[in-house]
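Here the structure comes first, spelled out in C-alpha cells, and everything after it is commentary.
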Amino acid sequence: MWAQAQPNIALVKYWGKSDIVRNLPAVGSLSITLESLYTRMSVELLDDPGADELTVNGEANAEMLPRVSRCIDLIAGGDRGAARIQSETNFPVAAGLASSASAFAALVLATYESTEKTANTLTMARIAGSVSGSAARSLYGGFVELSVDSETIDVRPIADSDDWPLKVIVVVTETAPKHLNSGEAMIRGAETSPFYSSWVERQPEDLAGARAAVENRDFEQLAAVSEHNCLKMHTVMWTSRPPVVYWNKATLACMDAVRELQKKSEPVFFTIDAGPQLKAVCLPSAEETVKDTLAGVDGILGIYSSGLGSGARVVEHS
Ligand code: PMV
C-alpha cells in the first residue's frame, strides 16, 4: 500500500513558530497543491521492536529518519514494532521544492493505512503539521488556507484545483540540499531580524488579500499579494544574524525574466521558498511562454510544470 501526496507552494508564507516544541506556526498561510510532482510512501510495521529503516528513492536515508520515526510514533505509539519505510519522489528532495511537505503528508496517510486506524483529514493534517508546518497543507488539494490560534492549527480548502486551474513552473537552480533547514532559519529570524515582528503583524492583511483574490479569481491581486509576501519573508531571512540567503545568481535571473514577462502583460508572478528554486505561477494561457522564457535563463538546471492537484490519497504503486 502506497500513499501519495504532492508538494504545495505557499503564496502567503509560513515563516516563524509561536511554539517550537509543538511546531505551531506564528502565522497563517495560504497555498496551492501541485499535481505533477509527488512523493509516494509505504510504511510496513513489523511485530518485533527494533530500529526503523528508511529508504528514499532506493537509498538508505539516516538524516530524515528521526523525524520520520517520531511522526510514526505519534500515530502508532512509541511501543510499536520496527518500521520499514520506503519513499519515492519524482523531483529532487531537500532543495526548496517542498519535499518535506509532500513527504510528511504521505507518511501520515501511509502510517494510518498500515495501522488500520482511521482519522479525518484535519487530524492527519495536524499530525503532519506538528512535524513539518507546511505538510499540513498537502493533505488537501487546490487552494488551501492554514490558520492558527494559540492551541492548534486549522486547515481547510478554500477552492478546488478545477475552480481556478492555475499553472506552476518550477525552475530548479540548484540540486544540492539547502545549507540551513527552514526550522533553524525561522528560529534565527524570530530571534534576530528587526523585521520579524512586523512580518507577523501584517500577515492577516496578506491572508485576507490572497483569500479575496482566490474567491474573485483576481490574478493581478493574487500576484501582488504573493510577490510582496514572498519578498517580506526573504527580507526577514536576509536580515537575520547571521543572514540566511537561499538565492543564487540564477534565482535572481529568473526573477528578472518574470519581471520582463510582466512588462509584456503576461499573467505571471514568482514565489520562492527556503531554497534557491523559483516558482512562477501563471494563467494557463501564459504557460508555454513562461516555460520557454525561463528555460532560456542562464544557470538553470531543470524545469517542471504542473497544474494544481488533489490532496494526499492512497494509490496503486506502479
Ligand atoms: O514546513 P517547513 O518547516 O519546511 O517550512 C516551510 C516554509 C516555507 O516553505 C518557506 C514557506 C511555506 O509556507 O511553505
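Among the residues of segment 172-194, those that are open to solvent by less than 80 Å² (accessible area, probe 1.4 Å), assigned to a helix (DSSP H, G or I) and over 26 Å from residue 303 (Cβ atoms) comprise 183, 186, 187, 188, 189, 190, 192. Consider residue 161 carefully, then state whether it is modelled with pLDDT of 95 or more, within 20 Å of the chain's Cα centre (by Cα), open to solvent by less than 10 Å² (accessible area, probe 1.4 Å) and within 25 Å of residue 100 (Cβ to Cβ). No; evaluated as a whole, the condition is false for this residue. Answer yes if at least one residue in segment 67-88 is under 26 Å from residue 247 (Cα atoms) and in contact (Cβ under 8 Å) with a residue 12 or more places away in the chain, and no otherwise. No, because not a single residue in segment 67-88 is under 26 Å from residue 247 (Cα atoms) and in contact (Cβ under 8 Å) with a residue 12 or more places away in the chain.
Within segment 142-162, at least one residue is among the aliphatic types (A, V, I, L, M) and more than 16 Å from the ligand (Cβ to nearest atom).
So, residue 138, is that one closer than 19 Å to residue 106 by Cα and either in a strand (DSSP E or B) or at pLDDT 95 or above (or both) or not? Please lay out each step first, then the result.
Details: closer than 19 Å to residue 106 by Cα: yes; either in a strand (DSSP E or B) or at pLDDT 95 or above (or both): yes.
So residue 138 fits the description; yes.
Listed here are the strands (runs of 3 or more DSSP E) enclosed by segment 14-77 that have at least 2 residues being touching a Gly at 6+ places or on another chain (Cβ under 9 Å) and either buried (at least 22 other Cβ atoms within 10 Å of the Cβ) or acidic (Asp, Glu) (or both): 29-33.
For segment 18-53, how many residues meet the condition of being closer than 30 Å to residue 307 by Cα and either away from the ligand (no atom under 16 Å from the Cβ) or in contact with a Pro (Cβ under 7 Å, 6 or more places away or on another chain) (or both)?
The number of residues fulfilling the criteria is 9.
Pull up segment 195-208, narrow it to residues that are within 16 Å of the ligand (Cβ to nearest atom) and farther than 30 Å from residue 284 by Cα, then point me to the one that is surrounded by the fewest Cβ atoms within 10 Å (Cβ to Cβ). Can you show your working first?
Restricting attention to segment 195-208, the residues satisfying the condition of being within 16 Å of the ligand (Cβ to nearest atom) are 195-196, 199-200, 202-204, 206-207.
From what's left, farther than 30 Å from residue 284 by Cα: 195-196, 199-200, 202.
On the way: 195: 16, 196: 21, 199: 22, 200: 16, 202: 14.
My answer is 202.
The values are calculated or read from the model by the stated rules, or taken from the named source; none is laboratory data. None of the values given here were measured: they were computed from a predicted structure. We place every Cβ from the backbone using ideal geometry, glycine too, and count neighbours over all the protein chains shown. For accessibility, only protein heavy atoms count, side chains too; no ligands or nucleic acids. Shrake-Rupley method; radii C 1.70, N 1.55, O 1.52, S 1.80 Å.
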